[in-house]
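Below is one structure, written out as structure tokens; comments come after it.
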Amino acid sequence: MTTETAARTEAPRVRSWPTTLGLLSGPLLWLAFFFLLPVVIVGAYSVGGLSLFPTDAGLSLFDWRRFLTGESIYMGLFWKSVRMSLTVSVVVVILAYPIGYFLALGTKRRKYVLLLVIIAPFLTSYLLRVLAWKVILGDAGLVNSFMFWSGVRSPDDPISWLIYSRFTVMLVLAYVWIPFVALPIFVTLENLDRSLLEAASDLGASRWRTFWRVTLPLSLSGVLAAFVFVFIPTIGEFVTPLLVGGIRGYMYGNAISDLFTQGLDWQTGSVLSLFLLTVVAILTALFGRFLQVRKVVTD
Amino acid sequence: MMGELERMLSQRLGRRDFIRYASIVGGAGVLAACRRATQRPVGDGTTLTRPPVEQEPGALEVFDWTGYGDDVYGDAILWKGYKNRFPAEDIQYTVFKDDDSSYVKVAAGQRFDVAHPCGYRFQDWVNLEDAGAPVLQPWDTSLISNFPNLNPSLEQAGQFNGQQYFIVADWGFAAPMYLADKVEPREDSWSLLWDERYSGKISWWDSLNMLVVAGYYHGVPDPWAMTDAELEEMKNFLIDKKKVVRFFWTGTEIDQAFKTGDVYIAYAWPASWTVGTYYNKLNLVYMQPKEGRTSWYCGFALFNDTDNYYHAHEYANAWTSARSGQWLLANYGYGHTNTTVDLTKLDPGLVETFSLDDPTVLDEPRTHVERPIERRDVYSELWEEVKAA
């Protein structure tokens, strides 16, 4: 290391406060105007501090009480969405792990080309990807047509639960999220210290045992991150259930959307939104602790 | 108007005349049912302080129903007159799926040049204010050359405070529709929408109107003004019957669902019948239920802060032309306000399905014209509960 380089390395990193403030002001203002302020507005709507129509009732915690005490039907809907999201998240992580593993440890050449191929669906419209499933799963869709052609089912008796069901919503959500979820798993495995795997092998561990005792434990942070990446957004999901869910796939996010756009009930919609936001914030804090975000940042 | 009707009905009309006057008769039904229509003369909006049409920005922003702005079925002919006048200008469409979502969007502050709400919401739209100023302004009917040819009773339903706030353009029905090849109704009744023999092949409209329909089915005295007990009963009934439903439709996806066989039965508008029959070649029946069809009428509203005042009038004029009316009837099965439309050129099947040659088609109890629901917020809340249950 030359003297000049060393001096540059040892130069003080503390910036003057105007510089720091200048650098931070943009993101802070952005957060204040486009996140905090809207949340405050939604909060005001949730207690009647603001109302869409002048005739709406004034300040009241009525909707909060109805929701939190389970008097309204929306708490049940919330738990239904949690169950669906949990199922999707677990399934997606299980399916995405082998993809991430193969990319990180199973291939040496062209791994980034393969990665690009896997995330290629993200380059197409989300709506298009969801709607494509209608063509595949509909009563006259690809799957049922094959069933008719092969004589397994009669054309008068298609497999009806393939579309407009909870199954469909979970299937499509899994399809949509798998490439995205494979990324954090891939990154974790890619950064794995290979010498540990070699050591396990040298010590006589089988490949299976090495996976269970070394690879999987060391990649758990990536698995957890992948789980969070799916679970949090899918709790509030509403587009996929709207398009392929039918009445059985109706989720908490649909109720929020409908209350704002159709139901003329912004107060209840705001209660539901804020509750979801709170749950997501708590989950993020909890998972953030396990994910050791601070460690990643300081590293 | 009633005198005109009596005169029409007392004469021996030929079939051609009968069909020709069907839209006027429809207007009478609308008028009879429209509680809020006034008897005041048409008022003119002021035009004195506005810049000439050449100085307007153009790029008219229209807030309209799905199917009226996407040109999927060639509906661009509805505003062809406008395009002829302003060939270089594009129209900016924002489409909505139901009256409540459109009303909420505007109540929340979104603005356009022209919107297309329906009659039972007219008063609500007129009442909207933006910092004390009205959101809508009346039309200057002298700028709409087609206006003298429009159905007077329908246009009267668009008047408030003596001024023409809405250019009523279209009307139609809502009724059960089914695939004749697949479905054999036990009777002509709304009950087909919850017939368990066809569980999983039925679709309801995603609208609180389902509560009204259930009310008619149960013989409620006034389904547009149900009591709390009646509403609770209808809500529980729909929740119980919801299990037969495959999905709630919100737009033209219902047409696709009939085509693919995902659905055999639905709450439907005439456009679904025409699209299914003419475009998708399906054997569809548009039912006349014993409890009566419901019907509606919609009209164009002009926003107060529009910079495209003359463009907007030109658009309304294009929409209310006889050519637009002809297309609307032939392709969507919707009635039109223009009384000079030559209805004899229509497909006889269309005329028969919608009983256009029957002057009583819109009369009670055979048809119930949609009316304002005073406690719409309660209806809406209960419908949301039906969906979420």
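Things worth noting here:
- Exclusive hit being in a strand (DSSP E or B), touching a residue at least 24 places away in the same chain (Cβ under 8 Å), in the same structural domain as B:ASN151 (by TED's automatic domain parsing) and buried (at least 24 other Cβ atoms within 10 Å of the Cβ), set B:ALA312, B:ALA316, B:ALA266, B:ALA301: B:ALA301
- Condition met for A:SER89 (part of a helix (DSSP H, G or I), among the polar types (S, T, N, Q), more than 14 Å from chain B (Cβ to nearest Cβ) and buried (at least 19 other Cβ atoms within 10 Å of the Cβ)): yes
- Breaking point among (1) buried (at least 24 other Cβ atoms within 10 Å of the Cβ); (2) closer than 19 Å to B:GLY74 by Cβ; (3) out of contact with any His (no Cβ under 7 Å at 6 or more places or on another chain), for B:PHE247: (2)
- Yes/no for A:LEU203 being more than 30 Å from A:PRO233 (Cβ to Cβ), modelled with pLDDT of 90 or more and away from chain B (no Cβ under 14 Å): yes
- Criterion: buried (at least 23 other Cβ atoms within 10 Å of the Cβ), part of a helix (DSSP H, G or I), within 12 Å of another protein chain (Cβ to nearest Cβ) and within 24 Å of the chain's Cα centre (by Cα) - qualifying residue of B:ALA214, B:ALA257: B:ALA257
- Test: residue in the range B:251-272 that is more than 26 Å from B:HIS218 (Cα to Cα), of a type in the set (Phe, Trp, Tyr) and at pLDDT 95 or above: yes
- Taken together, the residues in the range B:104-163 that are small (Gly, Ala, Ser), in contact (Cβ under 8 Å) with a residue 12 or more places away in the chain and not in a helix (DSSP H, G or I) amount to 7.
- Scan the range B:193-211 for residues that are among the polar types (S, T, N, Q), outside any loop (DSSP other than H, G, I, E, B) and touching a Lys or Arg at 6+ places or on another chain (Cβ under 8 Å) and the total you get is 1.
- Residue match in the range B:283-291 (condition: out of contact with any helix residue (DSSP H, G or I) (no Cβ under 8 Å at 6 or more places or on another chain) and part of a helix (DSSP H, G or I)): no
- The lone criterion from (1) at pLDDT 95 or above; (2) within 14 Å of chain A (Cβ to nearest Cβ); (3) buried (at least 20 other Cβ atoms within 10 Å of the Cβ) left unmet by B:LEU231 is number (2).
- Taking the criterion of being more than 14 Å from A:ILE247 (Cβ to Cβ) and in contact with a strand residue (DSSP E or B) (Cβ under 6 Å, 6 or more places away or on another chain), the residues of the range B:255-266 that qualify are B:TYR264, B:ILE265.
- Helices (runs of 4 or more DSSP H) lying entirely in the range A:111-226 (those with 3 or more residues that are touching a residue at least 40 places away in the same chain (Cβ under 8 Å)): A:111-119, A:126-137, A:166-190
- Count - residues of the range B:59-105 that are on the phi > 0 side of the Ramachandran plot and either modelled with pLDDT of 90 or more or within 14 Å of chain A (Cβ to nearest Cβ) (or both): 1
- Cβ-Cβ under 6 Å pairs, at least 6 apart or on other chains, the range B:71-94 side assigned by TED's automatic domain parsing to the domain that holds B:TRP319, far side of a type in the set (D, E, K, R) and not in a helix (DSSP H, G or I): B:GLN92/B:GLU61
- Among the residues listed as A:LYS108, A:LYS80, the single one being more than 22 Å from the chain's Cα centre (by Cα) and of a type in the set (Lys, Arg): A:LYS108
Residues checked against (1) at pLDDT below 90; (2) within 29 Å of B:ASP124 (Cβ to Cβ); (3) assigned to a loop (DSSP other than H, G, I, E, B); (4) under 29 Å from the mean Cα position of the chain (by Cα):
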{"residue": "A:PRO12", "(1), (2), (3), (4)": "yes, no, yes, no"}
{"residue": "A:LEU29", "(1), (2), (3), (4)": "no, no, no, yes"}
{"residue": "A:GLY49", "(1), (2), (3), (4)": "yes, yes, yes, no"}
{"residue": "A:LEU52", "(1), (2), (3), (4)": "yes, yes, yes, no"}
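- Restricting B:TYR120, B:TYR178 to those that are closer than 30 Å to B:MET210 by Cβ and surrounded by 24 or more Cβ atoms within 10 Å (Cβ to Cβ) reduces the list to B:TYR178.
- Check on B:TRP190, buried (at least 17 other Cβ atoms within 10 Å of the Cβ), more than 13 Å from chain A (Cβ to nearest Cβ) and in contact with an Asp or Glu (Cβ under 7 Å, 6 or more places away or on another chain): yes
- Residues in the range A:28-72 that are of a type in the set (S, T, N, Q), exposed (fewer than 13 other Cβ atoms within 10 Å of the Cβ) and more than 21 Å from B:GLU129 (Cα to Cα): A:THR69 alone.
- Residue within the range B:120-138 that is closer than 25 Å to B:GLY67 by Cβ, in contact with a Cys (Cβ under 7 Å, 6 or more places away or on another chain) and assigned by TED's automatic domain parsing to the domain that holds B:PHE303 present: no
- Taking the range B:332-389 as the range and being part of a helix (DSSP H, G or I), closer than 23 Å to B:PRO176 by Cα and away from every other protein chain (no Cβ under 14 Å) as the test, the residues that pass are B:TYR332, B:PRO348, B:GLY349, B:LEU350, B:VAL351, B:GLU352, B:THR353.
- Tally of residues being within 11 Å of chain A (Cβ to nearest Cβ) and assigned to a helix (DSSP H, G or I) across the range B:242-254: 4
- The number of residues in the range B:159-205 being within 22 Å of the chain's Cα centre (by Cα) and of a type in the set (S, T, N, Q) comes to 5.
The values are calculated or read from the model by the stated rules, or taken from the named source; none is laboratory data. None of the values given here were measured: they were computed from a predicted structure. Please note: Cβ atoms are built from the backbone with ideal geometry, for glycine as well, and neighbour counts cover all protein chains shown.
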